[in-house]
Amino acid sequence: MRIVQSRIVCELPPGADNPRNSEGDFLRLSDGRIVFAYSRYTGDDREDDCPCDIAAVYSADHGKHFGAPRILVRASDHGVRNVMSVSLLRMQNGDVGLFYLVKDDINGTSRYVLRRSTDELQTLQPPVQCLPQTETGLYYVVNNCRVLRTADGRILIPAAVHQVGPDGAAYYALSVFYVSADDGYTFSLCGKPLCCPVSSETGLQEPGLLELSDGVLFAHFRTDLFCQYACVSADGGTSWSAPQPSAFSSPESPMKLARNPYSGKVYGIWNPVPEYVGRNADPPGTWITAGRTPLVMADSDDGIRFGEPVMLEDDPCRGFCYPAIFFLDAQQMLLSYCSGGKADSACLCRTTIRHITVQ
C-alpha cells in the first residue's frame with residue numbers, strides 16, 4: 001500500500017466551554033451528504049465522565065469539507081451529564097441507527113443504547129437499551145465505530161464490561177459480545193465473557209470485531225501487555241479461541257480494523273509500541289500523548305496477513321487514537337482520530353478528519 005494523497009479536511013479543536021472533542025463515526029445520508037458524529041464536551045473539564053453531548057458535522061462534497069457542528073443528542077435528554085462513544089449504522093429498513101453510551105452520574109454505571117431515525121438524523125426515536133444492567137452495577141465500554149453488521153444481517157456489539165467497586169471505580173475488564181437478529185430491536189449475549197489468559201491489571205479492554213471473508217469473526221483487544229490480544233470464532237460468536245498476543249504491538253490504546261466494501265481489502269489503524277530508550281515520555285503528572293504516537297496504517301487482502309505499515313502521524317508531542325474509517329471508493333477514505341497535544345492539554349481533546357487516497 002502506498003498513500004498518494006493525505007490532507008486534513010476538518011479539525012475539531014477544544015475551545016471556550018468546549019474542552020474536548022473526541023471519538024466519533026461516519027455515515028452517508030440518503031441525500032449523499034456524509035455525517036460525522038462525535039463526543040462534544042462542555043464546561044471546563046475533559047475527563048471521560050464530565051459533561052458531554054453528541055454533536056455532528058456534515059460534508060456535502062464527498063468529504064472534502066465539513067461544516068459547523070450541531071447537537072444531535074444532549075445528555076440532559078437522558079437525565080445525565082454524559083453521553084459519548086458513537087457508532088452509526090444503516091438499518092435494514094432504511095433507518096439510521098445511532099448507538100452510544102449513557103453514563104449514570106449516581107452509581108457509576110453505564111448503559112449502551114440504540115436510537116433510530118426515520119428522517120436522516122433530524123429526529124430520533126426513544127432509546128432501546130442494548131446491554132443489560134444488574135443490581136450491583138456494570139460499567140460498559142463500547143468504543144466508537146465498533147458496531148458490526150455481519151454478512152448474514154446480524155448486528156454485533158463488542159463491549160468491555162467492568163464491575164463497579166464499592167469505591168465507585170471500575171476494575172478489570174472482561175470482553176463480551178451482544179447480538180441482534182432482528183435489526184436492533186432486541187439484543188442477547190453471544191457466547192461467554194472472555195478474560196485475559198495471563199496476568200494483567202486491565203484485562204481485555206476496548207474490543208473490536210472484523211468479519212473475515214469466510215465468515216470467521218476476528219476479535220482484538222486493548223491490553224497492558226504491549227500488544228493487541230486477539231481470538232477468533234468460527235460459529236458466529238458463540239464460542240471463541242483463547243485470546244493470545246497478536247502481531248500488532250500496541251500501548252494501552254485501541255486498534256481499528258475495517259474492510260473496504262469497494263475493494264475487499266482490510267485496513268488496520270493502530271499505534272505500534274513507541275517506547276524505547278532515549279524517547280521523551282510525557283512529563284510527570286501529565287497525560288498528553290499517553291504513548292499513542294505514531295499512528296500507522298497497513299492493508300491486507302485477507303485480514304490476517306498485513307503489509308508494511310505506513311505512517312499517518314508521527315509527532316512525538318501529540319497522541320493519536322480512537323480512529324474511525326469511512327470508505328469513499330476503492331482507493332479513497334476518510335479517517336478520524338483524536339490528535340491532541342500539549343496546547344490541548346491531552347490527546348483526547350482534539351479530533352482530526354483526514355482524507356486519504358491509497359494505491
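The values are calculated or read from the model by the stated rules, or taken from the named source; none is laboratory data. Since this is a predicted model, take the numbers as computed values, not measurements. Virtual Cβ from ideal backbone geometry, glycine too; neighbours counted across all protein chains shown.
Looking only at the stretch 1-16, which residues are within 15 Å of Ser39 (Cβ to Cβ) and either at pLDDT below 95 or part of a loop (DSSP other than H, G, I, E, B) (or both)?
Within the stretch 1-16, Pro13, Pro14 qualify.
Anything in the stretch 72-90 that is under 15 Å from Ala37 (Cβ atoms) and either in contact with a helix residue (DSSP H, G or I) (Cβ under 7 Å, 6 or more places away or on another chain) or among the aromatic types (Phe, Trp, Tyr) (or both)? List them, or say none.
Within the stretch 72-90, just Val83 meets the criteria.
Just to verify a result, which residue in the stretch 19-41, among those that are part of a strand (DSSP E or B) and of a type in the set (Ser, Thr, Tyr), is farthest from the chain's Cα centre (by Cα)? Quick ask: steps written out before the conclusion?
Restricting attention to the stretch 19-41, the residues satisfying the condition of being part of a strand (DSSP E or B) are 21-28, 34-41.
If we keep only those that are of a type in the set (Ser, Thr, Tyr) as well, we get 22, 38-39, 41.
Working: Ser22: 10, Tyr38: 10, Ser39: 11, Tyr41: 17 Å.
Residue satisfying both the conditions and the ranking: Tyr41.
Identify, please: which residue in the stretch 182-241 is aromatic (Phe, Trp, Tyr) and modelled with pLDDT of 95 or more and is, among those, nearest to the chain's Cα centre (by Cα)? Before you say what the answer is, go through the steps one by one.
Looking only at the stretch 182-241, we keep the residues that are aromatic (Phe, Trp, Tyr), and these are 185, 187, 218, 221, 226, 229, 240.
Subsequent filtering for residues that are modelled with pLDDT of 95 or more retains 185, 187, 218, 221, 229, 240.
Numbers: Tyr185: 22, Phe187: 20, Phe218: 16, Phe221: 12, Tyr229: 17, Trp240: 22 Å.
Across the stretch 182-241, the extreme among qualifying residues is Phe221.
Condition check ((1) under 21 Å from Thr352 (Cβ atoms); (2) modelled with pLDDT of 95 or more; (3) not basic (Lys, Arg)) across all residues:
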residue	(1), (2), (3)
Asp53	yes, yes, yes
Tyr58	yes, yes, yes
His62	yes, yes, yes
Gly67	yes, yes, yes
Leu89	no, yes, yes
Asp95	no, yes, yes
Asp105	no, no, yes
Arg116	no, yes, no
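Among the candidates Leu138, Leu131, single out the residue that is more than 22 Å from Ile269 (Cα to Cα), surrounded by 15 or more Cβ atoms within 10 Å (Cβ to Cβ), modelled with pLDDT under 95 and touching a Lys or Arg at 6+ places or on another chain (Cβ under 8 Å).
Leu131 is the lone residue from the list that is more than 22 Å from Ile269 (Cα to Cα), surrounded by 15 or more Cβ atoms within 10 Å (Cβ to Cβ), modelled with pLDDT under 95 and touching a Lys or Arg at 6+ places or on another chain (Cβ under 8 Å).
If I ask for residues that are surrounded by 15 or more Cβ atoms within 10 Å (Cβ to Cβ) and either outside any loop (DSSP other than H, G, I, E, B) or among the aromatic types (Phe, Trp, Tyr) (or both), which ones from the stretch 211-231 would you list?
Glu211, Leu217, Phe218, Ala219, His220, Phe221, Arg222, Cys227, Gln228, Tyr229, Ala230, Cys231
One line per residue, one yes/no per condition, for (1) touching a Lys or Arg at 6+ places or on another chain (Cβ under 8 Å); (2) without any contact (Cβ under 8 Å) to a residue 60 or more places away in the chain; (3) surrounded by 22 or more Cβ atoms within 10 Å (Cβ to Cβ):
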residue: Phe36; (1), (2), (3): no, no, yes
residue: Asp49; (1), (2), (3): yes, yes, no
residue: Tyr58; (1), (2), (3): yes, yes, no
residue: Ile71; (1), (2), (3): yes, yes, no
residue: Ala75; (1), (2), (3): yes, yes, no
residue: Met91; (1), (2), (3): yes, no, no
residue: Thr118; (1), (2), (3): no, yes, no
